[in-house]
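Peer 1: Got a structure for you, questions after.
The values are calculated or read from the model by the stated rules, or taken from the named source; none is laboratory data. Quick caveat, the model's predicted, so the values are computed rather than measured. Every residue, glycine among them, receives a Cβ derived from its backbone with ideal geometry; neighbour counts consider all protein chains shown.
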Amino acid sequence: MRWIISGIITSLAVLIAVGAIVWPVGHAAISAVLLLPEFFPNAPARPLEWLTPNPVRSTVELRYDGQTSVADLYDPGSGRQHGGVIIFLGVAPAGLDDPRVIRLGESLARIGIVTLIPQSQDLVNSKVDPSEIDELVAGFDYLAHRPNVDAKRIGFGGFCIGASLALDAAEDPRINHQVALVNSFTGYYDLSSYIISILSHSIVPYPSNDQGRVPWEPAPNATEVLNDHLISLDPDSRERQELALAVHNSARPRPDVSRLSSTGRTIWTLINTRDPVVATRLLNQLPPAGQQALARLSPSTRIADLHAKVFAMHDRDDSTVPYIQSRLLIAHLQPGQGEYDEFQIFNHVDPTESTSLPTLLGDAARLGWHMFQIVEILQGAVPVQHYG
């Protein structure tokens, strides 16, 4: 079944690409079609590799706020000026040498987009910190100062929490009037409501209605990352260690709540509640520093400062981040600023093999159109538009 599905996708891509050459619809359309098989790791053929030269891959350093991180740069190597994109991976991501990551960087460079993929050691260790925003801003500045990059055509792309951090970076006043676009793949929009969904195992399915919660089962890794992040908000290092041991080792006795500080009690109760009303109240009882940290990591906090075009995509059955978060993002943008697509061909951010042929074809066409709109901006086929 796998090779049949992959063969259909590749065949469609080749046919459409040939048609686009015979009846020209623009370089962006051809690029988007050739890019489509790269999203499916088992595709039997990759026309993009046949038709384009190998890009140049190198490692660069990003310096920000006294810190240094590494990133892989994928350069088309043509000597001409190109658009650029910073791709940010999620929590516990595949490494820079993972074949999927390399394929993503190379395929974008093959269609003429200079691609930077930073490596966050904190995210590798499942730690989410606001300093990641500074890393992304540094990545944007790095691309903007490269002579072969058009500084007016630089965007962000992110996966899961990496997508939310990319949105945070695009809102940053240091660069928010320069960012061309953001592609958010299963990111969260409002961190507090996302936390409540994980804790209560439920979601509100409509962004304009606070009623009618429905069951939603979060993936274990989403709960683990959330618990660790909530514990990190406790300023008492002894309590942090005690709470972490209790959360990660069910054989250990539960902490004596009476001996915990007020913040420790709030965090411990928050971790163990399933009531969305109680969770909301407890989040509001976190100390100011904790609330500020959550707000800094939430794109909803500065949504008015987001001036870039936004493309959001989400797995309809995602158990790591519920689809409602992308709907919320689009609902809070200005008219025409956001484009949104839901898919059934992904399991969170990875392609799934358990899907029907009609669903596959429909979602593949939707994905192709989604990518075309992004590519035409980064390749300069249409003007960059800013909002607000």
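Peer 1: Please determine, by comparing only the residues of region 79-101 that are of a type in the set (A, V, I, L, M, F, W, C) and in contact with a Phe, Trp or Tyr (Cβ under 9 Å, 6 or more places away or on another chain), which one is farthest from residue 225 (Cα to Cα).
Peer 2: That would be 85.
Peer 1: So which residues in region 353-385 are more than 23 Å from residue 108 (Cα to Cα) and either in a loop (DSSP other than H, G, I, E, B) or touching an Asp or Glu at 6+ places or on another chain (Cβ under 7 Å) (or both), if there are any at all?
Peer 2: 353, 354, 355, 356
Peer 1: Also, I was wondering about something else. Run down 197, 193, 208, 202 and say which single residue is of a type in the set (Ser, Thr, Tyr) and more than 16 Å from residue 273 (Cβ to Cβ).
Peer 2: Selected residue: 208, the only one of 197, 193, 208, 202 that is of a type in the set (Ser, Thr, Tyr) and more than 16 Å from residue 273 (Cβ to Cβ).
Peer 1: Same structure again: Checking residue 245 against (1) hydrophobic (A, V, I, L, M, F, W, C); (2) free of Cβ contacts under 8 Å to residues at least 12 places away in the same chain; (3) in a strand (DSSP E or B), only one condition comes out false. Which one?
Peer 2: Just one mismatch for residue 245, condition (3).
Peer 1: If residue 298 meets every condition in (1) without any contact (Cβ under 8 Å) to a residue 12 or more places away in the chain; (2) more than 18 Å from residue 154 (Cα to Cα) apart from one, which number is that one?
Peer 2: So the condition that residue 298 fails would be (1).
Peer 1: Condition first: of a type in the set (Ser, Thr, Tyr), modelled with pLDDT under 95 and buried (at least 24 other Cβ atoms within 10 Å of the Cβ). Can you find one or more residues in region 119-132 that meet it?
Peer 2: Within region 119-132 (the criterion being of a type in the set (Ser, Thr, Tyr), modelled with pLDDT under 95 and buried (at least 24 other Cβ atoms within 10 Å of the Cβ)), the answer is yes, since at least one residue qualifies.
Peer 1: Given the criteria more than 18 Å from the chain's Cα centre (by Cα), surrounded by fewer than 21 Cβ atoms within 10 Å (Cβ to Cβ) and not in a loop (DSSP other than H, G, I, E, B), does residue 388 qualify?
Peer 2: no
Peer 1: Residues that are farther than 28 Å from residue 218 by Cα, at least 2 per element: which helices (runs of 4 or more DSSP H) completely within region 76-180 meet that?
Peer 2: Hits in region 76-180: 99-110, 131-144.
Peer 1: Here is a further query. Among the residues of region 29-74, write down those that are of a type in the set (Gly, Ala, Ser), buried (at least 16 other Cβ atoms within 10 Å of the Cβ) and assigned to a loop (DSSP other than H, G, I, E, B).
Peer 2: Correct list: 43 only.
Peer 1: Test of understanding: among 257, 179, which residue is farther than 24 Å from residue 319 by Cβ and touching a strand residue (DSSP E or B) at 6+ places or on another chain (Cβ under 9 Å)?
Peer 2: 179
Peer 1: Could you check residue 156 against (1) in the same structural domain as residue 230 (by TED's automatic domain parsing); (2) of a type outside the set (A, V, I, L, M); (3) at pLDDT 95 or above and say which number it fails?
Peer 2: Every condition holds for residue 156 apart from (1).
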